[in-house]
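Below: one structure, written as structure tokens.
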Amino acid sequence: MNTWDNGFRGKPGQGISHTLSFGGAASFFRVPYQTDMTGVDVAVTGVPLDIATTNRPGARLGPRAIRNASLSLAWERPWPWHTDPMAALRVIDCGDCEPADGDLLSVSHIEKHIASIVNAGAAALVLGGDHFIAYPSLRAHAAAYGPLSLIHFDAHTDTWPSSGNGINHGTMFYQAALEKTVNPATSTQIGIRTTNDDTLGFHIVSAADAHQIAGRDIARQIRERVGNSPVYITFDIDCLDPAFAPGTGTPVPGGLSTFQALNIIRELKGINLVGMDVVEVAPAYDHAEITALAAAQIAIELLCLHAESHKQRR
């Protein structure tokens, strides 16, 4: 087993244990770094890519920033969850998806990397990187589970048709719907506050709606819509208002607070969660690491949600 214990937890599944928060090596939430997927429930991986951005670059440094920020959260069971995800799940950090032979990361390369996790029987928690990386991740999960219900937190729908032959971080869900990788009829987008008249059939909970509707009611709508279908949650950090997440490439005023987003996630217990990502953290525009910290908190909450789903399916 390819594992290094200096600064990490000893073994997957051993639960929360206190480790120096400001020293040692930085894996996500202090879980062991290893590439062996034997017996693993969740593998955390970074995809440091930002060549698909349409505004400010820098999200390639997001995975490192999220890992670093997670260290200050790794000393206790996440509140208010009753399940310790590190005891309920065997979680590892398998490092980053890296270019092959010096080439730039591509759809097929990222998809193959995520598929190596999914095909080993683990769920992937992907740290971005710009939001484009969700597209190859969705393809890898759909190959294993069939069409996915997408729960999408964002300021933007990312369902604009491509103006050329390529796909960028604002067009990939249009392509995913076109390919039937995701099923818009069972999918929901939360926090939207930019104009796109063609919803493609996605259920939209705008940022204005989210400010008026209780989180538990939004979550109830989402749960009813997804039913028992396999679910992928993608969280673009610009879903949050720039007051809570300034460190991102395309900030839009009027977004959700960190609490509102976490409250919705916590009310989603019972869904069939098979994959997840947190993307678009651009540390160069951050202040006091509040964006990275919010992303790390969201990522660990997604792990808690997966642990609850995992426990219910046993």
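In the set (1) at pLDDT below 95; (2) open to solvent by 40 Å² or more (accessible area, probe 1.4 Å); (3) under 18 Å from Val42 (Cβ atoms); (4) not hydroxyl-bearing (Ser, Thr, Tyr), Asn119 fails one condition alone, (1).
Conditions tested, residue by residue: (1) within 18 Å of the chain's Cα centre (by Cα); (2) open to solvent by less than 10 Å² (accessible area, probe 1.4 Å); (3) not basic (Lys, Arg).
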residue	(1), (2), (3)
Cys94	yes, no, yes
Glu98	no, no, yes
Val107	yes, no, yes
Ile114	yes, yes, yes
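Close Cβ contacts (under 7 Å, 6 or more residues apart or on different chains) running from residues in the stretch 270-286 that are in contact (Cβ under 8 Å) with a residue 24 or more places away in the chain to residues that are surrounded by fewer than 24 Cβ atoms within 10 Å (Cβ to Cβ) and of a type in the set (Phe, Trp, Tyr) comprise Val274/Tyr145.
Of all residues in the stretch 221-237, none are of a type in the set (A, V, I, L, M), open to solvent by less than 30 Å² (accessible area, probe 1.4 Å), more than 29 Å from Ala120 (Cα to Cα) and under 20 Å from the mean Cα position of the chain (by Cα). Summed over the stretch 255-295, the residues that are open to solvent by 40 Å² or more (accessible area, probe 1.4 Å) and at positive phi give a count of 3. The numbered conditions (1) among the small types (Gly, Ala, Ser); (2) in a helix (DSSP H, G or I); (3) touching a strand residue (DSSP E or B) at 6+ places or on another chain (Cβ under 7 Å) are all true for Ala143 except (3). Per the conditions (1) out of contact with any Asp or Glu (no Cβ under 6 Å at 6 or more places or on another chain); (2) at pLDDT 80 or above, the sole criterion not satisfied by Gly13 is (2). Yes or no: Val278 touching a helix residue (DSSP H, G or I) at 6+ places or on another chain (Cβ under 8 Å), β-branched (Val, Ile, Thr) and within 27 Å of Thr54 (Cβ to Cβ)? Considered against the rule, which asks whether it is touching a helix residue (DSSP H, G or I) at 6+ places or on another chain (Cβ under 8 Å), β-branched (Val, Ile, Thr) and within 27 Å of Thr54 (Cβ to Cβ), Val278 comes out as yes.
Checked against (1) aliphatic (A, V, I, L, M); (2) crowded, with 20+ Cβ neighbours inside 10 Å; (3) out of contact with any strand residue (DSSP E or B) (no Cβ under 6 Å at 6 or more places or on another chain); (4) modelled with pLDDT of 95 or more, Met172 passes all but a single condition, namely (4). Scanning the stretch 296-314 for residues being open to solvent by 10 Å² or more (accessible area, probe 1.4 Å) and within 15 Å of Gly128 (Cα to Cα) gives a total of 1. Can you find a residue that is of a type in the set (Lys, Arg), surrounded by fewer than 24 Cβ atoms within 10 Å (Cβ to Cβ), part of a loop (DSSP other than H, G, I, E, B) and touching a residue at least 40 places away in the same chain (Cβ under 8 Å) anywhere in the stretch 184-195? Checked the stretch 184-195: at least one residue is of a type in the set (Lys, Arg), surrounded by fewer than 24 Cβ atoms within 10 Å (Cβ to Cβ), part of a loop (DSSP other than H, G, I, E, B) and touching a residue at least 40 places away in the same chain (Cβ under 8 Å).
Per the conditions (1) free of Cβ contacts under 8 Å to residues at least 40 places away in the same chain; (2) more than 22 Å from Leu268 (Cβ to Cβ); (3) within 19 Å of the chain's Cα centre (by Cα), the sole criterion not satisfied by Trp160 is (3). Within the stretch 19-74, being in a loop (DSSP other than H, G, I, E, B), crowded, with 24+ Cβ neighbours inside 10 Å and at positive phi holds for no residue.
Only residues that are modelled with pLDDT under 90 and of a type outside the set (Val, Ile, Thr) were counted in the stretch 88-116, giving 11. For first residues located in the stretch 67-82 and farther than 11 Å from Gln297 by Cα and of a type in the set (Phe, Trp, Tyr), partners that are at pLDDT 90 or above and open to solvent by 10 Å² or more (accessible area, probe 1.4 Å) and lie 6+ apart or on another chain with Cβ distances below 8 Å form the pairs Trp81/Arg266.
The values are calculated or read from the model by the stated rules, or taken from the named source; none is laboratory data. In this text, all values refer to a predicted model and were calculated from it rather than measured experimentally. Cβ: placed from backbone, ideal geometry, glycine included. Neighbour counts: every protein chain shown. The accessibility values were calculated without ligands, DNA or RNA, using every heavy atom of the protein model including side chains. Shrake-Rupley method; radii C 1.70, N 1.55, O 1.52, S 1.80 Å.
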